[in-house]
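Engineer: Next up is a structure, given as structure tokens.
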Amino acid sequence: MEDGELPTMVDEELHTMEETEISDLQLIYYVRDALLEVTDGRENYEEIVRYLQPKRNLNSHVAAQIVATLKALAGAVFYIDSVHHGDLIFALERMNLWNLATSYKYYDATDIMDALVELIVSLAASKGMFIDWCLERLVRHFTAPKRVIDFLKNEDGFDRKNKVLSRVHAALKQISDLVPLAPMRLTPIVIQNIPKRYDVTEHEIVMYVENMLKLESGAIGEIVGSTMLPALVDKLIELDVEIGWDGKMQEDAKCIFEMELFEDIAEFADDDEKYYSSMCASELLNRNNLQCNKVVEKIDSLIVLTFLHLESCQSSGRLTEVFDILLASFKRTVLNTYKSKFTQFVMFYACALDPERCGVKFAMVLIDMFESQLNPPITRMSAVAYLASYLSRAKFLSFALVADIIQSLVHSCFAYCKKLHDSDMNPEAHQVFYSGCQAIMYILCFHMKSLMDVPRLKIKLIKMPMLQLWEHKLNPLKVCLPSVVEEFLKQAKAARLFMSAELFVFEDLLECDLSKAFGGMDRLDMFFPFDPCLLKKSESFIRPHFVRWSRVKTTYGDEEESDSGSEASDDNFVDRNANDMIDDDMVGSVGAGRDFDPDLNKMSITPKSFKYRFKEQMERGRSLPSL
């Protein structure tokens, strides 16, 4: 008998049934009896199983028989037993919706697909022992078999893909409605089935994550949504750490302020001389190392998919809720991951979509984590490294917020100095302190000019006890990363931020053992998590919200520009006069729904609770959290 042909006896029997117009109920009874009598005689049972075997060809007659069998099984689902009906269950496992949607050129098998889904839903609702099996059968359809993925690239591929996935998600919703505990059982099944094979393709993992995010935003998202996003972040981290990063790890520290990925070039162009000339040697090495890396392509596509989901959440008014889930996942997974390279840009983009709420909240959480002595040193150092890189690179944050956080960092570090009674000057004993000092300098490398151009922010900077901090016996200027110290002192001298000739001996500073020591084995002294994103597709989303070093107007830049006679571009991030910046603060306050006050000292987009917190700590002399 050839594949696709029905057993002669069964074919004749069904033909006889058709002639006598057998009712659906009679067919259900027939299937029920075959299931019950399997221990005594298997003939009828085995014939039913044969109906469900894969068919090479389909026509309306064969399809009608398969549909009738599936519907009869759905009616007799209570009698299906996992012990005695293993062959039947195996045959159902082989009936794949993707195969039905794509294998038959001349027959639309949607009627069989509907009957199969109906049987799975009925089995889940009627037999508790099969609930996990049914959910897993549906989840296995989150990604298509490799041979089907190529087929889906055809002209009608989208329609066929939708035929499958719309039925899968509808079935999950039906099961959740019929079995209230089903969503709780669904969550671990989805997470366990995330593709983990070493040879999983980009299309496979992307399609699977698409369906995870569809669950998160779908009808049962309130129940399963809080676990889908953390599972996605975990997967991103898994891919992230898999990427080799030798070039980055060995990067010359002096290249930090030379790195510039783009000069607003619209696309990556391997043969573009201008593009390559904008990079320093280590960055060029890093980008070349990522070329044709399959893992890089996977994480790039997944991050873009996540960005699009965040945009959808923003449109539906769910971004704040989703951000809180991502923030918890960031604190649990990303923050202490050894030099995460790309995953953190999910948080950056979420903040960019809602600067006043998500953007400010992220900064506040990071500084709280740094100042809390309940956190281990490694967590506090990572938190302040993220904080410094975030404040420096985020184009969407107000200068007032940046100034407030710098003030908090300065006072925290200075409070540590005042309480220090230990004579041990070993940098390893004061790692958190040095990480805070380096964060202050790094942020000011990007923002000193913009802050000094606003009178009220300039006064705030000058009043900070920075000089005492730099001249303390812990000597942060000799311990922190030389490239950061050198750039900071160069700008501080030009801005006349403080007058101390001894501080400005900064030419050709070299990295010493002290600097290496405070960074620890993980070299957190060289960790700048929001350095330019090297992912091709993801970078295009980040670009409009990102500050590049070549766009920063430094305090010594005026002299250089006047010498060269060049003019800054209108879109330079910090190339704004004081009035422009004041207007920015003013607009932020009005846009946030706060009362407008023409007094410059009250113009800020910083939330009142955050502003009051600093006001109480700084102006009323309340003791600040020490390191």
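Engineer: Which residues among the range 340-373 fall inside the zone where the amide N is under 17 Å from a point 7 Å beyond the Cα of Glu242, along Cα→Cβ?
Structural biologist: 340-344
Engineer: Which net charge results when you count Lys and Arg as +1 and Asp and Glu as -1 among the other residues whose beta-carbon is under 15 Å from that of Asp156?
Structural biologist: +1
Engineer: For every other residue with a beta carbon closer than 13 angstrom to the beta carbon of Ile223, add +1 if it is Lys or Arg and -1 if Asp or Glu, then tell me the sum.
Structural biologist: Here the charged neighbours net out to -1.
Engineer: If a/c stays under 1.5 just call it rounded; otherwise compare a/b with b/c (prolate if a/b is bigger, oblate if not). Do that for the range 76-181, with a ≥ b ≥ c from the square roots of the Cα gyration tensor eigenvalues.
Structural biologist: Note, shape of the range 76-181 comes out prolate.
Engineer: Moving on to the next point. Send over a whole-number figure in Å² for the accessible area per residue of the range 384-436, probe 1.4 Å.
Structural biologist: For the range 384-436, the per-residue accessible area is 27 Å².
Engineer: Further question: Greater than 23 Å separation of Cα atoms is the criterion. Which listed pairs, Lys361/Lys553; Lys331/Lys460; Lys463/Lys493; Lys463/Lys490, meet it?
Structural biologist: Lys361/Lys553; Lys331/Lys460
Engineer: Quick one: Debye curve from the alpha-carbon atoms of the range 350-414 only, equal weights, vacuum; give me log10 I(q)/I(0) at q = 0.18, 0.23 Å⁻¹ to two decimals.
Structural biologist: After summing over all Cα pairs, the log10 values are -0.62, -0.97.
Engineer: State the answer as a single residue: which of Val164, Ile112, Leu52 lies farthest towards the positive end of the charge dipole of the range 26-177, with beta carbon charges of +1 for Lys and Arg and -1 for Asp and Glu, about the Cα centre.
Structural biologist: With unit charges placed on the Cβ atoms, the residue in question is Val164.
Engineer: Heavy-atom accessible area per residue, the range 51-191, 1.4 Å probe: how many Å²?
Structural biologist: On a per-residue basis, the range 51-191 sits at 45 Å².
Engineer: Taking all protein chains as present, what is the carbon and sulfur share of the accessible area of the range 60-142, in % to the nearest whole number, probe 1.4 Å?
Structural biologist: The C+S portion of the solvent-accessible surface of the range 60-142 is 53 percent.
Engineer: Could you look at the range 302-445 and say what percent of its accessible area is carbon and sulfur, using a 1.4 Å probe and all protein chains?
Structural biologist: Answer for the range 302-445: carbon and sulfur cover 53 percent of the accessible area.
Engineer: Using a 1.4 angstrom probe on the protein heavy atoms only, line up Arg50, Arg543 by accessible area, largest first.
Structural biologist: The ordering from most to least exposed comes out as Arg50, Arg543.
Engineer: Right, next: List the chymotrypsin sites (Phe, Trp or Tyr not before Pro) within the range 290-342 that DSSP assigns to loop and that have no more than 14 neighbouring Cβ atoms inside 10 Å.
Structural biologist: Here the chymotrypsin sites (Phe, Trp or Tyr not before Pro) that fit, given the DSSP loop and packing criteria, are Tyr338.
The values are calculated or read from the model by the stated rules, or taken from the named source; none is laboratory data. Note that this is a predicted model, so its numbers are computed, not measured. We place every Cβ from the backbone using ideal geometry, glycine too, and count neighbours over all the protein chains shown. Side chains included, ligands, DNA and RNA excluded: accessible areas come from the protein's heavy atoms. Shrake-Rupley method; radii C 1.70, N 1.55, O 1.52, S 1.80 Å.
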